[in-house]
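Asker: Input: one structure, supplied below.
Readers should treat all values here as calculations from the given coordinates under stated rules, not as data from a laboratory. Since the model is a prediction, treat every value here as computed from it, not as a measurement. For neighbour counting, all protein chains shown are included, and Cβ atoms are generated from backbone atoms with ideal geometry for every residue, glycine included.
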Amino acid sequence: MEVHVIGASTIRKEGRGKVMGSAAYADDVDLPGCLLGMTVRSRCARGVLKGITFLEGVPWDEITVVTAADIPGKNFVAGHVDDQPFLVPVGGAIAHAEQPVLLLAHADRAVAEKARRLVRLDVEELPPLLDIEEALACVRVIHGERNVLKEIRIAKGDPEPVFAAAAHVVEGVYRTGAQEQLYLEPNVMIGTVEHGPAGLEVTVSGSLQCPYYVHDAMKQLFGIPGERVRVVALEMGGAFGGKEDYPSVIAGHAALLALKSGRPVKIAYDREEDMAATTKRHPSRTRIRSAFDAQGRLLALDIDFALDGGAFTTLSPVVLSRGALHAAGVYRCPDVRILARAVATNTPPCGAFRGFGAPQSLFAIERHMDVCARRMGMDPVELRRLNVLRQGDTMATGQVMREDPGLEGLMDRAMAAIDYRALQKAYAVRNAWDDPVKRGVGLSVFMHGCGFTGSGEATMASVAGVEGRPDGTVAVLAASTEMGQGKNTVFCQIVAETLGLPVDMVDMAEVDTKYVPNSGPTVASRSTMVVGRILEDAARGLRLALVQGGFLAEPYDPEAFREAMRAAHLKLGSLKTYGQYRANPGFAWDDKTYRGDAYPNFSWACYAAAVAVDLVTFEVKVEDFATVQEVGRVVNPTLAAGQIQGGVAQGIGWGLWEEVTFREGRMANNQLTNYIIPTAADLPHIRVEFLEGGSPFGPGGAKGIGELPMDGPAPALLNALRDALGDLRLDEVPMTPERILNRLEEARHA
Amino acid sequence: MPETITLTLQVNGARRTVDTHPMARLLDVLRDGLRLTGTKEGCGEGECGACSVLLNGRVVNSCLVPALQAQDGVVVTVEGLAEGEALSPIQDAFLVHNAAQCGFCTPGMLIAADDLLRRCPNPDKEQVQAGLAGNLCRCTGYSKIVDAVRSVARQGEVR
Ligand code: FES
Ligand code: FES
């Protein structure tokens, strides 16, 4: 029987529970006898903690209090570098204003809240370091010798002599602000600790993207082996990278309170605490110097890319790496130099957010290409056509384009979708009228590397499996989490297709580290492409096991498969097969020199935006938005389109409205009243087209799509604003009404 | 102030009595008192709409409604939309169109959409967008939500 499950818009596996209101998110779990945990934070961007005082007003003897002195293991959150403490010890350094110092728990939320306000911290304050420029200039040194958390250099040829001889040299500086993930479900974590025969047994469950990151963090915090740590991922109300590393901190806190109180403890952040304390997208500053010949061919690029990492290392080295690897964009360029640095400041650490460094550097290069085109008197579309990567070209790391990315075709389709040339013509006429609304159209061309950078996947060597269950269904065993992106459904589709079964015979096993292997974190657009392929192998293994064991004869129908699993179960007791990551043959990467194949694959796209700016209010309306992407085989078109539309909405928010305002190192607008994300009334219907190219790497030819849509909107929008408003300094996102007004004033005075 | 107050209200068609804190919000009564956890808290300050329920026929942000105000009121939550296992047309449309991704905005969004369709059975795109502007979604970019709502409206036309 022929079953085609890949390519079908299978309905979301967990969708029914979500529309009925019965899906259980972490805060929905009934926990009789549980205490509610609270966090007391430093409230000072830099200093030394001298002491803690407990003021009168609550029954302190009823309240569980945890300080750094209560930590049984190591007081560092496991990560790339162990520099972030779970709690600041008395006598210890305070590195940002939202640093956890002390934990409280009580059964009554009101009592715990009141107690939190009755803790006084005695702090010796020091002058803080608050932004990228101050950090690079070493105004003060707060980390290492020069405030640099990580530095990466990429070199191809030697750009310097090229600049001296080039027909055109164009320079620009571009900035992007922090962005809050704003998953709709704030962080929640539940901890329990039991005294087992071998010692402490720690269980945490909650809203988290990466169960095995939390697992590692608990091992280190409690100083216990992995068998005594259990991490369960519950239904998740969005994450977008925001629940990649910070859940380890909250899980540790909940478990420490549980250890001290002997009761289960839940920590549920409210929106204000969540926005103020947890990670954001890294602010960036990119300086680009580019050289072109007289025809507009790109000859050299010199890029200085800097990210504000905040107070601790967290994920900054890898965010920086991805940003650096996307900094030269989709262009062929013989001589390239990229200097990338993540700097330390006394602000809460930045972390993962959809795109992971790439939106920042791609904004810079895609905006810069428009600036260059206009500077040279060329059409921005034509300049791109002339310079985009084609088969056989090499990227900045020396990675060869083994196949043609088809970028011109993507541009053609996107321009057709939005009717680019017709809009441009019409706007040119109408913008000359005496009408306060000016319109423009612009585009961006970009890529996103799928999966972990360089040798990341090989080092991690992820494992995933399938289980034939006695009831005749197949379970998918993977630690990858569902955050709304559709992993549950897509994994089941991949396994069903491989086994030739209908998709309703396949289900996800609960994501519990006690039962599922480490398929790696749910990040980096890797789940479908990398874990999906491992599952394909595991499913083939299951079929082979049934056939070779004499339980199943090929060809078979679903009923025969069901029977075979039942029979195998009776005989063998358990029926599980696993697969493990296999590297792409012929791909090589050198982490020391940053040379080689940075990613096994890239997804490619062209996005086009049409905007209208009101010169009375300076508000921008996005009137149309077209996306065309090549993401390999699309496993589930409806879910994939949803991912693209959601990512574009976040990209539009970042480009136009979402501004994190810091005051003395703290987020000042940590509320939905003053941190503005798009509503239904703010967005057009986002057009989505997929061009399916084959990928030899992913399952059935699939590549990654999760992050791609975050990369393109901001530069496309600002390029469209340039079209609408003329020659303005549109070098920063978000390009808020205030900024547009400022830039217009600046242009008037120039 | 008394330690607790007793509220009587009709929720999803059933009469319920619940003891609650005098300062409690309707959201707390539903989630903690009645264990109807479908209704979500996304902000607690009236901005996100995740806590939307119908109170006496009007959509309210239940995080802003003092529980006392719901005394003798009629409340409909997401749990009250389906008839047993049979999804309502708007729930079914959300499922088919992938209008629920992470699902956290979905309960509130469904209440708002259901109410919109009752007031305006055949909304155009702009009416749907305006009608749902009080409910934030971070996952979908709203495109599929608008599709889902309009598909129900169109079915209404055919019928
Ligand atoms: S929780 Fe009520 S509006 Fe956000
Ligand atoms: S589906 Fe996640 S917030 Fe709407």
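Asker: Subtract the Cα-Cα distance of A:H195 and A:D419 from 0.36 nm times their separation in residues, and report this length gain in nm to one decimal. Numbers along the way, then the final one.
Answerer: Numbers: separation 224, 0.36 × 224 = 80.64 nm, distance 6.67 nm.
That pair, A:H195 and A:D419, stretches by 74.0 nm at full extension.
Asker: Same structure, new question: Answer rounded, prolate or oblate for region A:1-155, using the Cα gyration tensor with square roots of eigenvalues a ≥ b ≥ c: rounded when a/c is under 1.5, else prolate when a/b is larger than b/c, else oblate. All intermediate terms of the calculation are to be shown ahead of the outcome.
Answerer: On the way: a/c = 2.86, a/b = 1.21, b/c = 2.35.
It comes out oblate by the Cα gyration axes.
Asker: A further question on this structure: Would you mind working out the magnitude of the charge dipole of chain A relative to its Cα centre, with +1 at each Lys and Arg C-beta and -1 at each Asp and Glu C-beta, to the nearest 20 Debye?
Answerer: Numbers: 77 positive and 93 negative charges, 145 e Å.
The dipole of chain A has a size of about 700 debye.
Asker: Here's another thing I want to ask about it. Give a quick list of chymotrypsin sites (Phe, Trp or Tyr not before Pro) in region A:371-433 that DSSP marks as loop, anything other than H, G, I, E or B, with at most 10 other Cβ atoms within 10 Å. Numbers along the way, then the final one.
Answerer: Values: sites: A:Y420, A:Y427, A:W433; in loops: A:W433.
The qualifying sites are A:W433.
Asker: When only alpha-carbon atoms are used, what values of Rg and Dmax, in angstrom, describe the protein assembly as shown?
Answerer: Cα radius of gyration and Dmax of the protein assembly as shown are 27.4, 85 Å respectively.
Asker: If you rank A:V232, A:V214 by fewest surrounding Cβ atoms within 10 Å, what's the result? Please report the intermediate quantities before stating the final value.
Answerer: On the way: A:V232 19, A:V214 30.
Exposure proxy ranking, most exposed first: A:V232, A:V214.
Asker: For A:K425, list the lysines whose Cα falls under 24 Å from its own Cα; do not include residues on the same chain fewer than 8 positions away.
Answerer: In chain and number order, the partners are A:K438, A:K621.
Asker: From the square roots a ≥ b ≥ c of the eigenvalues of the alpha-carbon gyration tensor of region A:205-357, which class results: rounded (a/c under 1.5), prolate (a/b over b/c), or oblate? Before the final figure, lay out each step's value.
Answerer: Details: a/c = 3.03, a/b = 2.79, b/c = 1.08.
In terms of gyration-tensor shape, prolate.
Asker: Related question: Be a star and scan region A:499-527 for residues whose amide nitrogen sits under 14 Å from the point 7 Å along the Cα-to-Cβ vector of A:D557.
Answerer: In region A:499-527, the label zone of A:D557 (backbone N under 14 Å from the point 7 Å along Cα→Cβ) covers A:501-502.
Asker: Between A:A750 and A:T459, what's the calculated FRET efficiency when r is the beta-carbon distance and R0 is 56 Å? Round to 0.05.
Answerer: Efficiency for this residue pair is about 0.60.
Asker: Distance cut-off 22 Å, Cα to Cα: go down the list A:K156/A:K280; A:K13/B:K144; A:K487/A:K571; A:K150/A:K592; A:K219/A:K260 and report the pairs above it. Before the final figure, lay out each step's value.
Answerer: Working: A:K156/A:K280 32 Å; A:K13/B:K144 17 Å; A:K487/A:K571 32 Å; A:K150/A:K592 13 Å; A:K219/A:K260 17 Å.
The pairs that break the limit, which is 22 Å between Cα atoms, are A:K156/A:K280; A:K487/A:K571.
Asker: Per-residue ellipticity at 222 nm for the protein assembly as shown, helices alone: DSSP H runs ≥ 4 residues times -39500 (n - 2.57), over residue total, nearest 500 deg cm²/dmol? Could you put the intermediate results ahead of the total?
Answerer: Numbers: 24 runs with 267 residues, N = 909.
Helix-only estimate at 222 nm: -9000 deg cm²/dmol.
Asker: Moving on to the next point. Write out the GluC sites (Glu not before Pro) in region B:1-65 meeting two conditions: DSSP loop, and at most 14 other Cβ atoms within 10 Å of their Cβ.
Answerer: Values: sites: B:E3, B:E41, B:E45, B:E47; in loops: B:E3, B:E41, B:E45, B:E47.
Of the GluC sites (Glu not before Pro), the ones in loops of region B:1-65 whose Cβ has at most 14 other Cβ atoms within 10 Å are B:E3.
Asker: Okay, moving on. Considering only DSSP states other than H, G, I, E and B, which GluC sites (Glu not before Pro) in region A:5-92 qualify as loop sites with at most 14 other Cβ atoms within 10 Å? Before the final figure, lay out each step's value.
Answerer: Numbers: sites: A:E14, A:E56, A:E62; in loops: A:E14, A:E56.
Of the GluC sites (Glu not before Pro), the ones in loops of region A:5-92 whose Cβ has at most 14 other Cβ atoms within 10 Å are A:E56.
Asker: Can you list residues whose amide H is under 5 Å from A:L102's amide H, if they're 5+ apart or on another chain and H is modeled 1.01 Å from N?
Answerer: Excluding prolines and chain starts, which carry no amide H, the hits are A:V40.
Asker: A follow-up question, please. Per-residue HN-Hα couplings for region A:535-542, Karplus 6.51 cos²θ - 1.76 cosθ + 1.60 at θ = phi - 60°, whole Hz, x for Gly and Pro?
Answerer: Working through the residues one at a time gives 5, 4, 4, 4, 5, 4, x, 5 Hz.
Asker: Let me ask another. Could you quote the convex hull projected area for region B:89-158, Cα atoms only and averaged over all directions, in nm²? Don't skip to the answer; put the middle values down first.
Answerer: Details: hull surface 15.6 nm².
Average projection, Cα convex hull of region B:89-158: 3.9 nm².
Asker: Can you list the HN-Hα couplings for region B:24-37, worked out from phi with the Karplus curve (6.51, -1.76, 1.60; θ = phi - 60°), rounded to whole Hz and with x for Gly and Pro?
Answerer: Values, residue by residue: 4, 9, 4, 4, 5, 4, 5, 6, 8, x, 9, 6, 8, 8 Hz.
Asker: Please report the relative contact order for chain A, taking Cα pairs under 8 Å with a sequence separation of at least 6, and give it as a percent rounded to a whole number. Could you put the intermediate results ahead of the total?
Answerer: On the way: 1891 pairs, mean separation 119.2, N = 750.
Taking the mean separation of contacting Cα pairs over the length of chain A, I get 16 percent.
Asker: Right, next: I need the Kirkwood Rh of region B:5-80: take the reciprocal of the average 1/r across all distinct C-alpha pairs and report it in angstrom.
Answerer: Details: mean 1/r = 0.0844 Å⁻¹.
Value: 11.9 Å, from the Cα pair sum.
Asker: What ³J(HN,Hα) values, in whole Hz, does the Karplus curve 6.51 cos²θ - 1.76 cosθ + 1.60 give for region A:388-393 when θ = phi - 60°, with x put for Gly and Pro?
Answerer: So the J values, rounded to whole Hz, are 5, 5, 10, 3, x, 6.
Asker: Could you work out how much longer the chain between B:R58 and B:N122 gets when fully extended? Use 0.36 nm per residue separation minus the Cα distance between them, nm to one decimal.
Answerer: Numbers: separation 64, 0.36 × 64 = 23.04 nm, distance 1.91 nm.
Working it through step by step, the gained length comes to 21.1 nm.
Asker: Next question, about the same structure. Each label point is 7 Å from the Cα along the Cα-to-Cβ direction; what then is the distance between the points at A:V429 and A:V81, in nm?
Answerer: According to this spin-label approximation, the distance is 6.0 nm.
Asker: Taking 0.36 nm per intervening residue step and subtracting the Cα-Cα distance, what contour gain separates A:E125 from A:D404 on full extension?
Answerer: Details: separation 279, 0.36 × 279 = 100.44 nm, distance 5.68 nm.
94.8 nm is the gain from fully extending A:E125 to A:D404.
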